[in-house]
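Encoded as structure tokens, the structure appears first; notes follow it.
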Amino acid sequence: MKVLINPSQLELTLALNRPKLESTNLESIISDIFTQVESDKDKALKALTLQFDQVSITDLAVSKPEFDEANQLVSFELKEAIQVAAQNIERFHRSQENKEYEVETSPGVVCWRKSLPIQRVGLYVPGGTAPLFSTVLMLGIPAKIAGSSIRYLCTPPNREGKIHPAILFAAKMAGIETVYKVGGAQAIAAMSFGTESIPKADKIFGPGNQYVTAAKQYAQRLGIAIDMPAGPSEVLVAADNSIPASFVAADLLAQAEHGTDSQVIFLSDQILFVDEVLTEIEKQLAILPRAGIAREAMKASTAIVVEAENWSEIINSYAPEHLIIMGKYEELVLKKVINAGSVFIGKNTAESFGDYASGTNHTLPTSGFARSYSGVSLDSFVKKITYQKVSDEGIRNLAQTVITMAEAEELQGHANAVKVRLEYASSIREQQTSDSVSKIQTFIRNDFRDVKSYSSARDEFEGLGEVFLDANENGLVTAYNRYPDPLQFELKSEISIAKNVPSENIFLGNGSDEVLDLIFRLTATPFLDSAAYLNPSYGMYPVLAKVNGVRTIPINLDSKFNISVSEILSQANGSKLLVICNPNNPTGGIICKTKILEIVKEFNGVVVIDEAYIDFCTSNSVVDEVNNYPNLIVVQTLSKAYGMAGLRIGMAIASSEWITALNSIKPPYNLSSLVQKTAINELKSINWKAIKTGIINERERLISFLKSNKKVIEVFPTEANFILFRIPNATEIYNKLIKKGVIVRNRSTQYNCADTLRVSVGTKIENDKFIQMMQKL
Ligand SMILES: *Cc1c(COP(=O)(O)O)cnc(C)c1O
């Protein structure tokens, strides 16, 4: 055994290199054998068996009397041992049968996966120097558990034309009824093509010499699956001197006795311990029957002395078939091991346990394939089929995604296969919904229709009572120990008076921002629908669209911030939502009521009219139309006109079916009782008409000031409580005004708004200050 102490990277690489197999004329030998077997079948197998195994076989299949004879030849002790091993192997491999579950990846799209047995499996067990009946168990038992319907074994006969009785007994134990007396590359060829006696296999398993290995690779090229590429067996033992040297020596020799080409690596952190192990190896070799083979293998093997913290790196780069890790570094090293076929942990865990009887499989990846291959397991005998089923709902939810992707890949045929179904499903749905579902329901997201609204305690009981013990509140008496409801009914009734709309048409939100968000959520299906809005307009619309996964369609206004109804309709066509801010923020412009209603009538989706500033020009409001148009939702707020921005109260005004739908997705109690009480009091005392007149007078005063100012290029017509005007070097003026303590809004970066400022109408004193500062500039 070579010993390397703190080797360089190069030394390490050389020591860990697997020997390259000579394969010069292997290829032609194998292809020759395959050609013979393909054409002459059983006849060729018999001839090749005579040539390579020096025995003449008449019947390739092992007969029943031969099985019976083998049964008598195997000792009672060995039978018992094989039985115990078989039980453990079966137990462990059965644990790999894990059930998989159906997954609904999108609503209406169900996917699942199922393991199905590979039908015909051919198992190969070498003859040669040791009868590997344990391999029969390792391959036969998982094949049986998987349910492969054709399972058979090929193994070479001895000079008497017989198979080792332990192999036949193990085959019976593993549920294999058919064994063929054929070995070597010709056996693999027989399994690849099928002959008169031997069925063709879908997958070939089992170890073998270089001919068998080359034949399996050849078979793979013919389209037959194989378990894994096989090479000489290997072990890496990592141990420190807390472990008896005799354990380490025995583990190394257990591997070395497999064959002269076996690979053995020993990792330790102390040269003294390595010396002890080497002495112990000599002691054990003296009494080992296969000492000759083992000694040969040991010659080519290496002991490496390095700090334990570097072990995992060496292990991972070597990727051993077997890794034995013992001693005080067990946990440290194990945590970092990522490449190994099978791992044996702790001083008691000889590799031999796994080789025979603990239950794990001993057919493992060699030659560094442990980096990417797993050992044989139940999985090796099954293939997994994926299934999916798309319902009508599934089409609606996923079709657009697929169409978009297929079209982006320029595979129109793929897109069409979905389009035809989508169109068919929608036509059917339209028919059905037109007679069974109200128009409003068709605007609500498909996957929301069956959402049961969460009902809080105070939603369920609207009346009065003396003792409320229904909403999990704390009886502790403070001003706020109760959830706000049913207070909202009182607030709605105040709003109903102020706005002149019935209570049942009002939905309350935490600011109209929340109302808008809930409207987007309720109506637009993420990644399917789009929302159109005028540009420039309120900056939250595209944000709300984004956060709800809705595509945005900005409809640009002209340089005077005008646009025709037909232009709006043509650009918004196909969108689920059309949001119009009226009067518009930041321009102040208005679309008159008749035109708004024309849009509502013609548009196929939902029209949301954001009337945040409508209180300054009430004649243009469409609130009184909400019961006439199922696709109309008006949004208003107490933030702007009523001076309650700090309370955050917004409302949707729409037909009562919309109100119910919005209530079903809103968070419970979205307005606090403090807010509601304050607003109720404010609404009771406010004299809006007087305030409005004051603000409009001030607005007109500001407009005439701006129009008379020589610097101002343009003052845009406004119906709101703000004025947008264009002035050269707007940003500079904006900054100068800030220095003078007057803050206006610079809108210059918005679409078509270069060099514009927006000033909101304030109190007379505030407006005076603005005028004064503008004059100074
Ligand atoms: C201010 C504003 C809102 C937000 O109003 P809140 O009720 O305070 O959330 C919505 N839309 C427009 C056009 C606004 O200007």
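The values are calculated or read from the model by the stated rules, or taken from the named source; none is laboratory data. Everything numeric in this text was worked out from a predicted model, so none of it was measured. FYI the Cβ positions are ideal-geometry reconstructions off the backbone, even for glycines, and counts take in every protein chain you see.
The criterion of at least 3 residues that are touching a Cys at 6+ places or on another chain (Cβ under 8 Å) is met, among helices (runs of 4 or more DSSP H) falling completely within the stretch 110-203, by 184-193.
Matching residues to (1) under 30 Å from Gln388 (Cα atoms); (2) hydrophobic (A, V, I, L, M, F, W, C):
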| residue | (1), (2) |
| --- | --- |
| Val110 | yes, yes |
| Tyr152 | no, no |
| His164 | no, no |
| Leu168 | no, yes |
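Which one is farthest from the ligand (Cβ to nearest atom), of the residues in the stretch 589-611 that are surrounded by fewer than 23 Cβ atoms within 10 Å (Cβ to Cβ) and in a loop (DSSP other than H, G, I, E, B)? Looking at residues that are surrounded by fewer than 23 Cβ atoms within 10 Å (Cβ to Cβ) and in a loop (DSSP other than H, G, I, E, B), I get Asn604.
Here Lys640 clears all of (1) away from the ligand (no atom under 16 Å from the Cβ); (2) closer than 21 Å to Lys764 by Cα except the condition numbered (1). Is at least one residue of the stretch 549-561 part of a loop (DSSP other than H, G, I, E, B) and within 38 Å of the chain's Cα centre (by Cα)? Looking for residues that are part of a loop (DSSP other than H, G, I, E, B) and within 38 Å of the chain's Cα centre (by Cα), one finds at least one in the stretch 549-561, hence yes.
When we screen Glu490, Glu514, Glu473 for residues that are over 30 Å from Asn752 (Cβ atoms), out of contact with any Phe, Trp or Tyr (no Cβ under 9 Å at 6 or more places or on another chain) and not assigned by TED's automatic domain parsing to the domain that holds Gln750, the only hit is Glu490. Among the criteria (1) small (Gly, Ala, Ser); (2) surrounded by fewer than 21 Cβ atoms within 10 Å (Cβ to Cβ); (3) at pLDDT below 95, the one Ser197 does not fulfil is (3). Where residues in the stretch 654-683 are within 13 Å of the ligand (Cβ to nearest atom) and of a type in the set (A, V, I, L, M), which of them is nearest to Ile497 (Cα to Cα)? Per the criteria, the residue is Ala679.
Evaluating Phe76 against the criteria (1) surrounded by 16 or more Cβ atoms within 10 Å (Cβ to Cβ); (2) aromatic (Phe, Trp, Tyr); (3) over 51 Å from the mean Cα position of the chain (by Cα) leaves one unmet condition, (1). Within the stretch 528-546, being surrounded by 20 or more Cβ atoms within 10 Å (Cβ to Cβ) and part of a helix (DSSP H, G or I) holds for Tyr541, Leu544, Ala545.
Looking only at the stretch 547-588, residues that are more than 16 Å from the ligand (Cβ to nearest atom), of a type in the set (Gly, Ala, Ser) and buried (at least 21 other Cβ atoms within 10 Å of the Cβ) come to 2 in all. When restricted to residues that are out of contact with any Lys or Arg (no Cβ under 8 Å at 6 or more places or on another chain), more than 24 Å from Gly354 (Cβ to Cβ) and either surrounded by 24 or more Cβ atoms within 10 Å (Cβ to Cβ) or polar (S, T, N, Q) (or both), the stretch 120-153 contains 0.
Table: residues versus (1) of a type in the set (A, V, I, L, M, F, W, C); (2) under 29 Å from Ile563 (Cα atoms); (3) within 16 Å of the ligand (Cβ to nearest atom).
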{"position": "Asp447", "(1), (2), (3)": "no, no, no"}
{"position": "Ser455", "(1), (2), (3)": "no, no, no"}
{"position": "Asp485", "(1), (2), (3)": "no, no, no"}
{"position": "Asp513", "(1), (2), (3)": "no, yes, yes"}
{"position": "Leu516", "(1), (2), (3)": "yes, yes, yes"}
{"position": "Pro526", "(1), (2), (3)": "no, yes, no"}
{"position": "Asn535", "(1), (2), (3)": "no, yes, yes"}
{"position": "Leu544", "(1), (2), (3)": "yes, yes, yes"}
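For the stretch 318-340, enumerate the residues that are farther than 10 Å from Ala370 by Cβ, touching a residue at least 24 places away in the same chain (Cβ under 8 Å) and not in a strand (DSSP E or B). Matches in the stretch 318-340: Gly327, Lys328, Tyr329, Leu332, Val333, Lys336, Val337. The number of residues in the stretch 159-204 being within 29 Å of Gln87 (Cβ to Cβ) and polar (S, T, N, Q) comes to 1. Sub-7 Å Cβ pairs linking a first residue in the stretch 643-657 that is part of a helix (DSSP H, G or I) to a second residue that is within 16 Å of the ligand (Cβ to nearest atom), at least 6 apart or interchain, are Ala645/Ser639; Leu647/Leu638; Leu647/Val675; Leu647/Thr678; Leu647/Ala679, ordered by first then second residue. Every listed requirement among (1) within 12 Å of the ligand (Cβ to nearest atom); (2) over 23 Å from Asn556 (Cβ atoms); (3) at pLDDT 95 or above is met by Val622 save one, (1).
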